[in-house]
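Novice: Structure in structure tokens, see below.
The values are calculated or read from the model by the stated rules, or taken from the named source; none is laboratory data. Just so it is clear, the structure is predicted and the values come from calculations on it, not from any experiment. No Cβ is skipped: glycine too gets one built from the backbone with ideal geometry, and neighbour counts run over all protein chains shown. Keep in mind that these areas ignore ligands, DNA and RNA; they rest on the heavy atoms of the full protein, side chains included. Shrake-Rupley method; radii C 1.70, N 1.55, O 1.52, S 1.80 Å.
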Amino acid sequence: MARSSKQKLKLLYLQQYLMRVSDERHPVTVAQMIDYLALQDIAAERKSIYDDMESLRQFGLDVQAVRVGSSTGYFIGERDFQLPELKLLVDSVQSSKFITRKKSVELISKLERLVSEDDARQLHRQVWVRGRIKTMNESIYYNVDAVHAAIEGDMPVSFQYYEWNARRERVFRHGGKRYAASPWALLWDDENYYLIAFDHEAGILKHFRVDKMSGIRTSKGPRLGREEFERLDMAAYSDTHFGMFSGEARQVRLCFENSLAGPVIDRFGTETALVPVDDGHFSVTIQAAVNVQFFGWLCGFGDRVRILAPEDAAEAMRAHVASILGRYQT
């Protein structure tokens with residue numbers, strides 16, 4: 001590129017240099033900026049740098065000036081993201097189960113470009129989350145994008161849906177038959193993305209794990225199930241489907257020891273009424289899908305919780321526990 005042509009890029013190079021190198025602890029001097037521009041084959045005089053700093057301010061960049069010995073130093077003050085905000089984002093990326101290790105490195109590398117090189121070193125953090133297993137399936141990013149496009153375009157989708165077998169092989173449900181559905185929303189629950197969609201064949205709303213969907217295609221025509229979705233309370237749907245296992249949501253009355261008030265409130269919110277039963281227990285009435293995941297959640301509290309009603313739910317819990325006990329009997 002000719003020298004005169006590169007001269008037109010002078011302001012862009014200065015902006016890039018300030019964004020990458022400078023911060024409050026590391027202001028750069030006019031002499032440093034002139035040396036940097038020279039490496040880019042761009043000539044600059046001291047007075048022109050002062051004019052450039054003012055142009056960047058007028059453009060909206062928060063260029064701050066401070067004394068550096070006998071010289072003036074410049075640095076970028078307010079940025080789109082401050083360091084504590086980026087640390088929070090980095091921690092979220094690293095601790096997320098559905099983001100692969102490779103993609104985590106890529107995303108964090110991009111986040112580092114939003115701060116100075118010195119601050120970027122502080123983003124090399126390692127968050128340890130108990131029981132965290134990073135997914136191996138990078139297709140989830142494209143699946144999420146495809147679903148969003150279908151929702152925005154008011155288009156139905158079709159896809160295959162699979163599970164894993166004991167040999168770690170994908171096994172498509174219904175022999176690989178494609179599901180036809182109208183997507184309405186994405187739900188984040190228990191470290192997984194779920195698609196809430198109207199199943200055309202079943203004629204009801206269902207949820208599907210996005211990372212287990214394969215070969216998503218859009219089709220023409222408006223989506224079905226609008227009225228059903230508009231009647232759906234998304235927050236309540238997530239609360240009642242433990243781990244997003246399917247099951248009919250029912251009213252269930254539970255009795256807990258007083259020491260479990262915290263976990264109950266964490267799960268069902270501060271609006272949940274805790275009704276005293278005796279000096280050591282309280283009861284709650286909730287909406288829950290009575291399924292094995294719900295029973296598993298209750299089993300985590302051992303003998304400190306009991307289903308009071310309905311009786312068939314209590315009986316189903318007894319059968320569930322008995323089947324587990326049977327596995328350990330000689």
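Novice: Please compute the per residue accessible area over the chain with all protein chains in place, 1.4 Å probe, rounded to a whole number of Å².
Specialist: Per-residue value: 59 Å².
Novice: Put a dot 7 Å past each Cα toward the Cβ at residue 16 and residue 231; how far apart are the dots in nm?
Specialist: Output for this residue pair reads 5.8 nm.
Novice: Continuing with this model, one more query. I'd like the FRET efficiency for residue 170 and residue 303, computed as 1/(1 + (r/R0)^6) with the beta carbon distance as r and R0 of 56 Å, rounded to 0.05.
Specialist: Details: r = 40 Å, r/R0 = 0.72.
Computed FRET efficiency for residue 170 and residue 303: 0.90.
Novice: Okay, next question. What's the angle, to the nearest 10 degrees (0 to 90), between helix 46-59's Cα axis and the longest principal axis of the chain?
Specialist: 30 degrees
Novice: On to the next question. Between residue 109 and residue 25, how high is the FRET efficiency from 1/(1 + (r/R0)^6) when r is the Cβ-Cβ distance and R₀ = 22 Å? Nearest 0.05.
Specialist: FRET efficiency, residue 109 to residue 25: 0.45.
Novice: Build a GNM of the chain with springs between Cα atoms under 10 Å: which of 207, 174, 148 gets the top mean-square fluctuation?
Specialist: Residue with maximal mean-square fluctuation among 207, 174, 148: 174.
Novice: A follow-up question, please. Under 5 Å between amide hydrogens, which residues at least 5 positions from residue 308 or on another chain qualify, with H placed 1.01 Å from N in the peptide plane?
Specialist: 253, 254, 255
Novice: Specify the angular offset, from 0 to 90 degrees and rounded to the nearest 10, of the alpha carbon long axis of helix 10-21 from the longest principal axis of the alpha carbons in the chain.
Specialist: Compared with the principal axis, the helix lies near 50 degrees.
Novice: For the chain, give the magnitude of the charge dipole about the Cα centre (Cβ charges: +1 Lys/Arg, -1 Asp/Glu; no others), in debye to the nearest 20. Don't skip to the end; give the middle numbers.
Specialist: Working: 44 positive and 45 negative charges, 296 e Å.
That gives the chain a dipole magnitude of about 1420 debye.
Novice: Moving on to the next point. Got a sec to turn the phi values of region 294-311 into Karplus ³J(HN,Hα) couplings, 6.51 cos²θ - 1.76 cosθ + 1.60 with θ = phi - 60°, whole Hz, x for Gly and Pro?
Specialist: 5, 4, x, 5, 5, 4, x, 9, x, 8, 8, 9, 8, 7, 8, 7, x, 5
Novice: Can you send over the carbon and sulfur percentage of the accessible area for the chain, probe radius 1.4 Å, protein chains only?
Specialist: After summing per-atom areas, the C and S share lands at 52 percent.
Novice: Something else about it: Take the cross-link list 97/177; 8/47; 10/87; 103/177; 102/212 and give me the ones stretching past 21 Å between alpha-carbons.
Specialist: Cα-Cα > 21 Å for 97/177; 10/87; 103/177; rest within.
Novice: Select from 115, 305, 275 the residue whose mean-square fluctuation is largest in a Gaussian network model of the chain (Cα-Cα springs shorter than 10 Å).
Specialist: Evaluated over the chain, the most mobile residue of the options is 275.
Novice: Right, next: If you take every residue apart from residue 162 with its C-beta less than 11 Å away from the C-beta of residue 162, what net charge results, scoring Lys and Arg +1 and Asp and Glu -1?
Specialist: +1
Novice: Further question on the same structure: Taking a point 7 angstrom from the Cα of residue 188 along the C-beta vector, which residues in region 260-277 have backbone N less than 20 Å away?
Specialist: Zone members listed by number: 266-269.
Novice: Residues of region 216-233 with the amide nitrogen closer than 19 Å to a label point 7 Å from the Cα of residue 154, along Cα-to-Cβ, please.
Specialist: 218-231, by backbone N distance to the label point.
Novice: Springs between alpha-carbon atoms under 10 Å, Gaussian network over the chain: tell me which of 104, 22, 95 tops the mean-square fluctuations.
Specialist: The residue with the greatest mean-square fluctuation here is 22.
Novice: Residue by residue, what Karplus-based ³J(HN,Hα) values in Hz, rounded to whole numbers, does region 89-94 have, using 6.51, -1.76 and 1.60 with θ = phi - 60° and x for Gly and Pro?
Specialist: Going residue by residue, I get 5, 4, 4, 5, 5, 5 Hz, with x marking Gly and Pro.
Novice: Note the angle between two axes, namely the Cα long axis of helix 139-152 and the longest principal axis of the Cα atoms of the chain, as a number of degrees from 0 to 90, rounded to the nearest 10.
Specialist: Roughly 90 degrees between the two axes.
Novice: Accessible area, 1.4 Å probe, largest first: how do 285, 72 sort?
Specialist: Heavy-atom accessible area, descending, gives 285, 72.
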